[in-house]
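Structure first, then comments.
Rule-based calculations on the coordinates, nothing more; no lab input. Please read these numbers as outputs of a predicted model, since none were measured by experiment. Glycine also receives a Cβ, built like all others from the backbone with ideal geometry; neighbour counts cover every protein chain displayed.
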Amino acid sequence: MNRRSFFHDISLGLPAIALGNLMAGGKVTPHHTPRATRVLQIFCPGAASHLDLWDHKPELEKRSGQPMPGGDKDVTFQGANGNLMRSPWNFVPRGQSGKPITEMLPLLGAHADRMAFIHSMSSRSNTHGPACVMMNTGFVFEGFPSAGAWLTYALGSANDNLPAYVAIPDIRGNPPAGPANWTAGFLPAQHQGIAFNAAEPIQNLSRPSSIADGEEAATRAFLARLNQDHALRHAGNTDLQARIASYELAARMQLSTPEVADLTRESKATHDLYGTNSPNPLIAGYARNCLLARRLIERNVRYVQLHCASRASGVDGLLNWDAHKTLKADYERHCPILDQPTAGLIQDLAARGLLKDTLVLWTTEFGRMPTHQQGTLGRDHNPDAFTVWMAGAGVKGGATYGRTDDFGRRVAENPATIHDFWATVLDILGLDHQKLTWYHNGLNRRITDVHGHVIREVLA
């Protein structure tokens, strides 16, 4: 080997090593022993009502139809409010913990002893788009990394043939703010979520039949050499590096993704458990997405964001949980969609031993008012109080943290913020939220901004 060829070869080899490390995600060393290695986040856009699902208020039932004390001057998102309005459904004590959960979620409620409820959440926005972004990124404004991006940046990928972060949109469409819910923000672009679901697999993944295997392999090798040289000359361009990484990943996914998305490999008993063959197409569609989520989790996809409902529509509450006018009819449509598939997913994860190292999150962007919206039989937005829950690895099943007032209007005990929530999630994954940072525009940014504390009461 002469001097010229030596330096030519090393100039191609070193950027390849650097690019390989970049693609791997630049892992952050865990700050303490993790309790979980993966996250499944179930997100219900539209502001699912805490008062009709998880947060039982006997006083609200007792005083339904009366004016809310001190609420005569309340003006919320869509205007004035009427009198107090009890939930149309009864709450039923579930599990050994006796946690009251709406009768509309009979199968999901059976997992009450696995769940840790946080009833004292609040948000900084009462508008769906910004509040969804706030819930998923820690900031009201778009452009900040989502939780899944932070986690994959910190922990890297555990499966080289699948994305580290997958967002599964509902078959009815994307949530409010769309891809801003799974964006990489200012983190390297390869940490953004890859969006696909059981109904719509990843586009442009299959190799055209006119191209032979050998031809494709030779083309990839040639492109890899060009990409390595180009990456060396543009080392600071993360968009370019992410695009190179995405092409390499896409090549591997041509083999792996069709297999993971092939739900016909599952038994009839499994399909029955999830409800994939339901005559209700919305239940069946969400059930197939839940089954896809389990197949991704068991293949060590680091973060799966599963959506149940989608964007706002011309008819409130039609496509998501935004029940402004007809709460009873809306939730009698949405609850059955959520119930069986989600319960089946949790049961399946537990049966396969996956719940031992998978953290399951149920989230929404804010809560709803204890009163009826004036002139309607629905509830307006309430950013001052809502509920989320956790289950699985690292979680104290059957626990309850925080409390709202007698009507569920505002937080009354142990207030919790979205920053507290993500600080707790990171802690379960072995990460200190104050140390997981990225330097951007003169600041060491983090998902918890300058706030957040770990809610120890919900940890096992």
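Things to note:
- Measuring how big the chain is from its alpha-carbon positions, Rg and Dmax come out at 23.4, 91 Å.
- Dipole of the chain, positive end: most advanced residue of 101, 197, 240 [Cβ charges, Cα centre]: 240
- Ordering of 289-299, 313-323 by burial proxy (mean other Cβ atoms within 10 Å per residue, highest first): 289-299, 313-323
- Among 27-34, 278-285, the order from most to least packed when residues are scored by Cβ within 10 Å on average: 278-285, 27-34
- When the charge dipole of region 350-429 is built from unit charges on Cβ atoms (+1 for Lys and Arg, -1 for Asp and Glu) and taken about the Cα centre, the candidate among 422, 395, 375 whose Cα reaches farthest toward its positive end is 395.
- Dipole magnitude for region 76-198: about 340 debye, using +1 per Lys or Arg Cβ and -1 per Asp or Glu Cβ, origin at the Cα centre.
- Count of Lys pairs (Cα-Cα under 29 Å; at least 8 positions apart or interchain) in the chain: 22
- Couplings for region 258-269, taken from phi via the Karplus curve 6.51 cos²θ - 1.76 cosθ + 1.60 with θ = phi - 60°, read x, 5, 5, 8, 7, 6, 5, 6, 7, 6, 4, 4 Hz in order; Gly and Pro are left as x.
- The relative contact order of the chain comes to 29 percent, based on Cα pairs under 8 Å that sit 6 or more residues apart.
- Listed from fewest to most Cβ neighbours within 10 Å, the set 410, 379, 94, 368 follows the order 410, 94, 379, 368.
- Using the Cβ-Cβ distance between residue 406 and residue 207 with R0 set to 51 Å, the FRET efficiency from 1/(1 + (r/R0)^6) comes to roughly 0.25.
- Only one residue of 116, 144, 131 has its Cα farthest out toward the positive end of the dipole of region 56-150, where Lys and Arg carry +1 and Asp and Glu -1 on Cβ, and that residue is 116.
- P(r) tail fraction, region 272-426 - alpha-carbon pairs more than 26 Å apart, %: 37 percent
- In terms of packing, defined here as the mean over residues of other Cβ atoms within 10 angstrom, the peptides 327-335, 37-45, 424-432, 225-233 line up highest first as 37-45, 424-432, 327-335, 225-233.
- Computed lengthening from residue 199 to residue 350, 0.36 nm per intervening residue step minus Cα-Cα distance: 51.8 nm
- Centroid-to-centroid separation of region 175-224 and region 364-418 [C-alpha atoms, Å]: 37 Å
- Remark: spin-label model distance residue 218-residue 414 equals 6.6 nm, labels positioned 7 Å along the Cα→Cβ axis.
- Amide H contacts of residue 371: 85, each under 5 Å away and 5 or more positions distant or on a separate chain (H built 1.01 Å from N in the peptide plane; Pro and chain starts excluded).
- Counted over region 340-404 with a bin width of 5 Å, the fraction of Cα pairs per bin, in whole percents, is 4, 14, 18, 17, 14, 13, 10, 6, 3, 1.
- Estimated dipole of the chain in Debye, rounded to 20 [Cβ of Lys and Arg +1, of Asp and Glu -1, Cα centre]: 620 debye
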